Amino acid sequence: MKIVLPAGEIEAPPEFRHFYLMDEDGIVKYPAPVLRRKASPVSRITPDIEALIQRMMASLKWWNGLGIAAPQVGVPLRLFIMAPPDQPMRVILNPRIIERSQEQVADLEGCLSIPALYGKVARARAIVLKGLNRHGKPIQLTLEGVAARIAQHEIDHLDGILFIDRADPATLFWSDPTPKEEEMV
């Protein structure tokens, strides 16, 4: 399994290749074409959208993730869910960033669709985001730190951009994403 980066390719070590073959977790894996497509806006909230949200929440919980975008479950719609530590889970439809801080912070990121690969990505420390909540009501959020990072990562997914496109290639490394027993308590 080769991961294509802007500056070349890296090979997934044999012990991590099985993550790219897993189907039971419901997560679309790299290099699926849906991950590189720009997602379409959600036009209205239907029972199918509600079912999609429930499926995404289940996948996010299964992997103990911080965020998930609809293309990661094979649906090219502008919808993501974020679950920053110690904050409630949020569903955001048709998000757009209307303001970014000048200050950039490089920090470690991973991705449910590129399992076991991690690297540092520079992102705005704070953002202001507009969109709709899961009930179709307009929202505006001011996010900082980890929450801002999650939102930027997930909005990138909605635009067909993956964290490996923004990561400093010198910081990329492989590590088992499976939660350890002590983390599952």
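Where a number appears in this text, it was derived from the coordinates with a stated rule and is not lab data. Source: prediction; values computed, not measured. Positions of Cβ are backbone-derived with ideal geometry, glycine not excepted, and every protein chain shown enters the neighbour counts.
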In deg cm²/dmol, rounded to the nearest 500, the helical mean residue ellipticity at 222 nm of the chain, built from -39500 (n - 2.57) for every DSSP H run of length 4 or more, is -5500 deg cm²/dmol
Which of Q54, Q152, Q72 fluctuates most in a GNM of the chain (C-alpha springs under 10 Å)? That residue is Q54
What is the distance in Å between the Cα centroid of segment 71-98 and that of segment 4-66? 12 Å
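Please sort by residue number the trypsin sites (Lys or Arg not before Pro) in segment 16-106 whose DSSP state is loop and whose Cβ has at most 10 other Cβ atoms within 10 Å.
Those that pass, being in a loop and sparsely packed, are R44.
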For the chain, averaging the sequence separation of alpha carbon pairs under 8 Å that lie six or more residues apart and dividing by its residue count, the contact order in percent is 23 percent
Hey, quick one: spin label on V128, modelled 7 Å out along Cα-Cβ, who in segment 82-115 has an amide N within reach, i.e. under 16 Å? 96-103
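Per residue and in Å³, how big is the convex hull formed by the alpha-carbon atoms of segment 82-185?
Looking at segment 82-185, the number lands at 117 Å³ per residue.
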Mean 1/r over all different Cα pairs, inverted: what Kirkwood radius does the chain give, in Å? 16.8 Å
Explain nothing, just compute: Karplus ³J(HN,Hα) = 6.51 cos²θ - 1.76 cosθ + 1.60, θ = phi - 60°, for every residue of segment 104-116 in order, whole Hz, x for Gly and Pro. 9, 10, 8, 8, 6, 9, x, 7, 4, 8, 10, x, 6
Determine which lysines satisfy two conditions relative to K120: a Cα distance under 22 Å, and not lying fewer than 8 residues away in the same chain. K2, K29
